[in-house]
């Protein structure tokens, strides 16, 4: 099973879309193995977005991501990184296809509701930034055999 960090960003929390968007991930058969409401500090933002800190637009990003609470979650499932990113759509809500989360709920590049890890290495690094090992729950829902065949692992 693969895991991905998901951040329901401050715009998502303020617009009260967390439940609606989370249900789309759950409807897809993805498993929530960790979740918490929190504030991202400037220090955590710098760690999370380390590759962007020196870019001219970074201060605006930091101000946004630290400007209100976020819901951090870890989703688990087959090819979860690819699946979630396809469900989110293009980074800019203005370019995201209808039917994707951003295509349905966002009209901004920065205020695009949800962050998702872009690869296995990033997922491992990001999950470790937001969650201690003991905060992640190994759980296989009883519905799992009805979501995928036993040989799909």
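The values are calculated or read from the model by the stated rules, or taken from the named source; none is laboratory data. All figures in this text were calculated on a predicted structure; none of them were measured in a lab. Neighbour counts run over all protein chains shown; Cβ positions are idealised from the backbone, glycine included.
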Practice problem: State the number of residues belonging to the range 29-46 that are in contact (Cβ under 8 Å) with a residue 24 or more places away in the chain and exposed (fewer than 15 other Cβ atoms within 10 Å of the Cβ). | Solution: 6
Practice problem: Name the single residue, out of those in the range 96-128 being under 26 Å from residue 68 (Cβ atoms) and surrounded by fewer than 13 Cβ atoms within 10 Å (Cβ to Cβ), that is modelled with the highest pLDDT. | Solution: 128
Quiz item: Which condition does residue 24 not pass, out of (1) over 13 Å from the mean Cα position of the chain (by Cα); (2) modelled with pLDDT of 95 or more, if it passes all the others?
Solution: (1)
Quiz item: Among the residues of the range 116-131, is there at least one that is touching a residue at least 12 places away in the same chain (Cβ under 8 Å), part of a loop (DSSP other than H, G, I, E, B) and over 13 Å from the mean Cα position of the chain (by Cα)?
Solution: yes
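Looking only at the range 86-102, how many residues end up being part of a helix (DSSP H, G or I) and over 15 Å from residue 9 (Cβ atoms)? Steps first, answer last, please.
At the first step, the residues of the range 86-102 found to be part of a helix (DSSP H, G or I) are 86-88, 101-102.
This time we only want the ones that are over 15 Å from residue 9 (Cβ atoms), so: 86-87.
Residues in the range 86-102 being part of a helix (DSSP H, G or I) and over 15 Å from residue 9 (Cβ atoms): 2 in total.
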Practice problem: Please work out if residue 82 is under 14 Å from the mean Cα position of the chain (by Cα) and without any contact (Cβ under 8 Å) to a residue 24 or more places away in the chain. | Solution: yes
Quiz item: Yes or no: residue 16 closer than 25 Å to residue 139 by Cα and either at pLDDT 95 or above or touching a helix residue (DSSP H, G or I) at 6+ places or on another chain (Cβ under 8 Å) (or both)?
Solution: no
Practice problem: Count, please, the residues in the range 132-153 that happen to be in a loop (DSSP other than H, G, I, E, B), surrounded by fewer than 12 Cβ atoms within 10 Å (Cβ to Cβ) and at pLDDT 95 or above. | Solution: 1
